[in-house]
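Have a look at the structure below, then the notes.
The values are calculated or read from the model by the stated rules, or taken from the named source; none is laboratory data. Given the structure is predicted, the values throughout are model-derived calculations rather than measurements. Reconstructed Cβ throughout: ideal geometry from the backbone, glycine too, with neighbour counts over all protein chains shown. Areas reflect the complete protein model, heavy atoms only, side chains present, ligands, DNA and RNA absent. Shrake-Rupley method; radii C 1.70, N 1.55, O 1.52, S 1.80 Å.
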Amino acid sequence: MISKAQVIQPFLPATLTPGEQAEAFAPSNIALCKYWGKRDKELNLPINASLSVSLAHLGSRTRITPALDGADHVLLNGTELAVDSSFARKVIAFVGLFRGTLAQPLIIDTHNNIPTAAGLASSASGFAALMLALDQFYGLQLAPEQLSAFARMGSGSASRSIFSGFVEWQMGNREDGMDSHAVQLPATWPELRIGLVKVATGEKKVDSRAGMQRTVETAHLYQSWPLQAAADLTRLHDAIVEQNFELLGATAEQNALSMHATMIASWPPLLYWQPESVAAMQQVWALREQGVPVYFTMDAGPNLKLLFTAEHEAVLSAAFPDLEVVAPFGQP
Ligand code: PMV
């Protein structure tokens, strides 16, 4: 197995020249065709390609400055974290891949403007913003594909948060994973809206890394997942080109439910849904029966993300009173 450091090393200059400070923003993203399952756990290389939409101004902003007291400091939303906390350890390990023998202590300050109540994961935008800030801080001048491939090593979905709009993470087949990076699709959809339905926030018991591994290892049903994902990817490309909302929404919803089916078929079973998640799904289906074009997608958690177009926003905000609406291609 190739290590992250082995892959990154050839792309770093012989001597690093750190700047005085760097700051970068990366958007959060919602997958319409999900990434679920790794073929390489060290490099986060996926078993299937995925496709997402980035959430415009919602995401993470990360600032890097030198630490003058000889120790690393990791801050999240203004609060300093214990260096042995899970988030700080991941951040420091990732930074270590780039600063190499320089070993210069840093202050890594991240702010998420994702509404904390929305129950959205921030690892994708967090690692993408950190990668962009490191690139600036050390003057690495990496190409977008390289930034994406390296952000992937922090968190798979972070590969997609390097870009805005519709983004495809190509699975690649190289052993070092350098062809497993995201690309931005040349398409916009100004009327597209994403509605965040919060069912529960807080740490989940099984994170996506452990969840994927359990599914791949124990769910016989998982064998059908790569085929489903490949077919859905083609359908999503067609939907985006034709601006066919029903095809986009239906494909995304079926894709998410197929992924959850593989999780439920794992052992021990992995069910991220709460009773309120199922109630919200049934509400979406009831609205669809009444003629409202609305679909949902879900990640490894209990919250729903609704997909609809601008003209139906009022109806959906009335049906889901706490709905947080995002316009991925511009302000609502
Ligand atoms: O990037 P990770 O390791 O947090 O995994 C993300 C997994 C899903 O959110 C369920 C799917 C996806 O493609 O974002």
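Which of the residues spanning region 201-214 are under 19 Å from Trp36 (Cα atoms) and outside any helix (DSSP H, G or I)?
The answer is Lys204, Lys205, Val206, Asp207.
Among the residues of region 215-224, is any part of a loop (DSSP other than H, G, I, E, B) and in contact (Cβ under 8 Å) with a residue 40 or more places away in the chain?
Yes, region 215-224 contains a residue that is part of a loop (DSSP other than H, G, I, E, B) and in contact (Cβ under 8 Å) with a residue 40 or more places away in the chain.
Could you give me the residue pairs with C-beta distances under 7 Å whose first residue belongs to region 250-275 and is at negative phi and assigned by TED's automatic domain parsing to the domain that holds Ser208, whose second residue is open to solvent by 60 Å² or more (accessible area, probe 1.4 Å) and at pLDDT below 95 wherever it lies, and which are 6+ apart or on separate chains?
Pairs that qualify, where the first residue is at negative phi and assigned by TED's automatic domain parsing to the domain that holds Ser208 and the partner is open to solvent by 60 Å² or more (accessible area, probe 1.4 Å) and at pLDDT below 95, are Tyr272/Lys204.
Collect the residues in region 225-236 that are open to solvent by 20 Å² or more (accessible area, probe 1.4 Å), of a type outside the set (A, V, I, L, M) and in contact (Cβ under 8 Å) with a residue 12 or more places away in the chain, keeping them in residue-number order.
Scanning region 225-236 gives Pro226, Gln228, Arg235.
All but one of (1) touching a helix residue (DSSP H, G or I) at 6+ places or on another chain (Cβ under 7 Å); (2) at pLDDT 95 or above; (3) open to solvent by 10 Å² or more (accessible area, probe 1.4 Å); (4) not small (Gly, Ala, Ser) hold for Arg174; which doesn't?
Single failed check for Arg174: (1).
Being closer than 26 Å to Glu313 by Cβ and modelled with pLDDT under 95 is the requirement here; does Leu257 meet it?
Answer is no for this residue.
It is to be established whether one or more residues within region 72-94 are in contact with a helix residue (DSSP H, G or I) (Cβ under 8 Å, 6 or more places away or on another chain), assigned to a helix (DSSP H, G or I) and open to solvent by less than 40 Å² (accessible area, probe 1.4 Å).
Yes, that holds for at least one residue.
Tell me, which residue of region 293-332 that is among the β-branched types (Val, Ile, Thr) and more than 30 Å from Asp207 (Cβ to Cβ) is farthest from the chain's Cα centre (by Cα)?
This residue is Val315.
Residues in region 145-159: is at least one under 15 Å from the mean Cα position of the chain (by Cα) and open to solvent by 30 Å² or more (accessible area, probe 1.4 Å)?
no
Which of the following residues is in the same structural domain as Gly19 (by TED's automatic domain parsing), modelled with pLDDT of 95 or more and within 15 Å of the chain's Cα centre (by Cα): Phe127, Phe94?
Phe127
Can you name every residue in region 1-23 that is in contact (Cβ under 8 Å) with a residue 12 or more places away in the chain and either among the aromatic types (Phe, Trp, Tyr) or part of a loop (DSSP other than H, G, I, E, B) (or both)?
Matches in region 1-23: Met1, Ile2, Ser3, Phe11, Leu12, Pro13, Leu16, Thr17, Pro18, Gly19, Glu20, Gln21.
Going by the structure shown, is Trp189 within 15 Å of the ligand (Cβ to nearest atom) and aromatic (Phe, Trp, Tyr)?
no
Of all residues being of a type outside the set (S, T, N, Q) and at positive phi in region 29-58, which is surrounded by the most Cβ atoms within 10 Å (Cβ to Cβ)? Just the residue, please.
Gly37
Do we have Met171 as in a loop (DSSP other than H, G, I, E, B), under 19 Å from the mean Cα position of the chain (by Cα), within 16 Å of the ligand (Cβ to nearest atom) and over 20 Å from Ala26 (Cβ atoms) here?
yes
Looking only at residues in region 127-144 that are in a helix (DSSP H, G or I) and open to solvent by less than 10 Å² (accessible area, probe 1.4 Å), which one is farthest from the ligand (Cβ to nearest atom)?
The residue in question is Phe137.
Out of Leu97, Leu102, Leu106, Leu76, which single residue is more than 24 Å from Ala300 (Cα to Cα), more than 16 Å from the ligand (Cβ to nearest atom), touching a strand residue (DSSP E or B) at 6+ places or on another chain (Cβ under 7 Å) and not basic (Lys, Arg)?
Leu106
Taking only region 189-209 into account, find how many residues are modelled with pLDDT of 95 or more and loosely packed, with under 15 Cβ neighbours inside 10 Å.
Selection size over region 189-209: 1.
Just to be sure I understand, how many residues within region 96-115 are part of a helix (DSSP H, G or I) and open to solvent by less than 40 Å² (accessible area, probe 1.4 Å)?
Total meeting the criteria: 4.
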